[in-house]
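See below for the structure under consideration.
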Amino acid sequence: MSKKEKSKTNAARILDALGISYEIFEYEVDENDLSAVHVALTCKQDISKIYKTIVCEVLPREFVVACIQGDLELDLKALASVSGHKKCELLPLKSLEKTTGYIRGGCSPLAMKKAFATFIDELALKQDKIFVSAGVRGKQLCLDPKDLAKATKAKFAKISRQI
């Protein structure tokens, strides 16, 4: 395996297998600030292009994934509604790695331990390219939001609101 291949994440390998075009952006991680705003500043990108991945629990013991613009807040009621559930709660951070295989600040909507229903905020459709975690802290994937939806079998919906 080449050095470049070793530096690829499982999320990038999934995109490769699907023939989806993307770029990997690496950035300096600040363990004290894992926010999307920090990623935007470090990568010199507009926050409207940085998407954070949020995992939620819906009853009975199911999970859904949301991708929203980094400076917005997840609308839990909207996510519950579009996912066909009555209630949706944020997955506790202590359960994130066990559920997805990822840690906070490195959670990608791609290549989780199991494929979960995924929803991308419809604002992403206004962007040519968006950034999502590549599956490790310090790496972002830049790709067309429609390609991300194809790779994750996601649906677009209004699931965010201003903070």
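Just to be sure, is residue 14 in contact with a Leu (Cβ under 7 Å, 6 or more places away or on another chain), in contact (Cβ under 8 Å) with a residue 60 or more places away in the chain and in a helix (DSSP H, G or I)? Answer is yes for this residue.
Every test in (1) at pLDDT below 95; (2) under 17 Å from the mean Cα position of the chain (by Cα) is passed by residue 69 save one, and that test is (1).
Of the residues examined, residue 110 is not one that is open to solvent by 40 Å² or more (accessible area, probe 1.4 Å), under 27 Å from residue 45 (Cα atoms) and at pLDDT 95 or above. For residue 60, the conditions (1) free of Cβ contacts under 8 Å to residues at least 12 places away in the same chain; (2) closer than 21 Å to residue 12 by Cα are fulfilled apart from (2). Among the residues of the stretch 40-59, what is the count of those that are closer than 27 Å to residue 95 by Cβ and either modelled with pLDDT under 95 or among the hydroxyl-bearing types (Ser, Thr, Tyr) (or both)? Number satisfying all stated conditions: 4.
You will find that of 89, 97, 73, 122, the residue that is surrounded by fewer than 22 Cβ atoms within 10 Å (Cβ to Cβ) and over 19 Å from residue 162 (Cα atoms) is 97 and no other.
The values are calculated or read from the model by the stated rules, or taken from the named source; none is laboratory data. None of the values given here were measured: they were computed from a predicted structure. Glycine gets a Cβ as well: all are built from the backbone with ideal geometry, and neighbour counts include every protein chain shown. These accessible areas exclude ligands, DNA and RNA; they are computed on the full protein's heavy atoms, side chains included. Shrake-Rupley method; radii C 1.70, N 1.55, O 1.52, S 1.80 Å.
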